[in-house]
Every structure is written in C-alpha cells, then in structure tokens.
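Peer 1: Got a structure for you, written out below as structure tokens; questions coming shortly.
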C-alpha cells in the first residue's frame with residue numbers, strides 16, 4: 001500500500017452538508033410559520049371569545065329582519081377583523097364580523113365601549129345581496 005492512496009476520512013460536515021442545509025432552512029421556515037399561526041390563532045380567539053362579540057352575534061342571530069334577509073342559522077363566515085382592548089372594567093371594541101345564513105351573507109359591524117358592561121355605539125348588519133344596512137340598535 002502506498003501513501004499516495006491514503007485519503008483522510010471526511011468530517012461530519014463534509015459528508016452531510018447537502019441534506020443538513022436545506023433541512024435546517026426548512027425547519028426555520030416551519031417554526032416561523034407555526035409562530036405566526038399561533039399568534040394569529042391567539043388574537044382571533046381573543047376576539048371571538050369576548051363578551052362584545054358574543055352579545056353582538058346573539059343580537060344578530062335573534063333579529064327578525066336579519067333572519068328574513070340572511071335566513072336562519074346565522075353564524076360566523078370567516079375571519080373577524082378589527083380590534084378589542086380591555087383593561088379591568090373598561091374597554092373599546094371595533095369589529096367587522098362576516099356572517100352567513102341559509103339565504104345569504106353579510107357583515108356585522110360592532111362599535112362598543114365598556115364601563116363594567118358593553119354598551120354598543122353601533123351595531124348593524126350590512127346585507128351583501130341588497131346593499132341594505134339593518135340597524136340592530138333600533139327598537
């Protein structure tokens with residue numbers, strides 16, 4: 001055996017970099033996406049679990065004119081947008097909630113402030129098919 005035939009054994013990095021680099025990059029991308037998804041889920045859950053959201057949806061679901069225009073079984077139809085901020089017994093809420101029923105779709109607009117309990121400044125449903133707005137605060 002000659003000394004010229006001897007090749008030193010490659011180190012771990014030289015043997016494995018071709019699969020390690022793409023796997024490492026992909027892992028970082030997946031972790032970032034999971035973080036953003038978790039953050040999005042947390043914010044969305046905070047909005048949909050709020051008393052203002054629940055009370056507004058309840059009023060829309062039991063309003064005869066909304067049921068007549070959108071149909072029965074009114075429920076959320078997508079991503080809620082807007083903001084809610086609360087601190088102890090005070091807070092503000094400004095939400096747009098896409099809703100749907102058996103006959104059509106609409107948007108529930110909610111503007112409220114909280115002093116111990118939520119008081120609605122605006123609560124209306126925009127009916128997509130007729131461009132009609134139904135004020136839920138009118139008696």
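The values are calculated or read from the model by the stated rules, or taken from the named source; none is laboratory data. If you're wondering where the values come from, they're calculated on a predicted model, not measured in any experiment. All Cβ positions, even for glycine, are placed from backbone atoms using ideal geometry, and neighbour counts span all protein chains on display.
Peer 1: Could you check residue 67 against (1) free of Cβ contacts under 8 Å to residues at least 24 places away in the same chain; (2) surrounded by 14 or more Cβ atoms within 10 Å (Cβ to Cβ) and say which number it fails?
Peer 2: (1)
Peer 1: Looking at residue 84, is it free of Cβ contacts under 8 Å to residues at least 40 places away in the same chain, closer than 13 Å to residue 47 by Cβ, in contact with a strand residue (DSSP E or B) (Cβ under 9 Å, 6 or more places away or on another chain) and buried (at least 18 other Cβ atoms within 10 Å of the Cβ)? So that I can check it myself, show each step before the final result.
Peer 2: On the way: free of Cβ contacts under 8 Å to residues at least 40 places away in the same chain: yes; closer than 13 Å to residue 47 by Cβ: yes; in contact with a strand residue (DSSP E or B) (Cβ under 9 Å, 6 or more places away or on another chain): yes; buried (at least 18 other Cβ atoms within 10 Å of the Cβ): yes.
Here the answer is yes, as residue 84 does meet what is asked.
Peer 1: Here's another thing I want to ask about it. Only one of these is surrounded by fewer than 17 Cβ atoms within 10 Å (Cβ to Cβ), part of a helix (DSSP H, G or I), under 17 Å from the mean Cα position of the chain (by Cα) and touching a residue at least 12 places away in the same chain (Cβ under 8 Å): 46, 57. Name it.
Peer 2: Details: 57 fails: surrounded by fewer than 17 Cβ atoms within 10 Å (Cβ to Cβ).
Going through 46, 57 in turn, just one is surrounded by fewer than 17 Cβ atoms within 10 Å (Cβ to Cβ), part of a helix (DSSP H, G or I), under 17 Å from the mean Cα position of the chain (by Cα) and touching a residue at least 12 places away in the same chain (Cβ under 8 Å): 46.
Peer 1: Can you tell me which residue among 67, 29, 84 is assigned to a helix (DSSP H, G or I), in contact with a helix residue (DSSP H, G or I) (Cβ under 9 Å, 6 or more places away or on another chain) and at pLDDT 90 or above? Please lay out each step first, then the result.
Peer 2: Working: 29 fails: in contact with a helix residue (DSSP H, G or I) (Cβ under 9 Å, 6 or more places away or on another chain); 84 fails: assigned to a helix (DSSP H, G or I).
Just one listed residue meets the conditions, 67.
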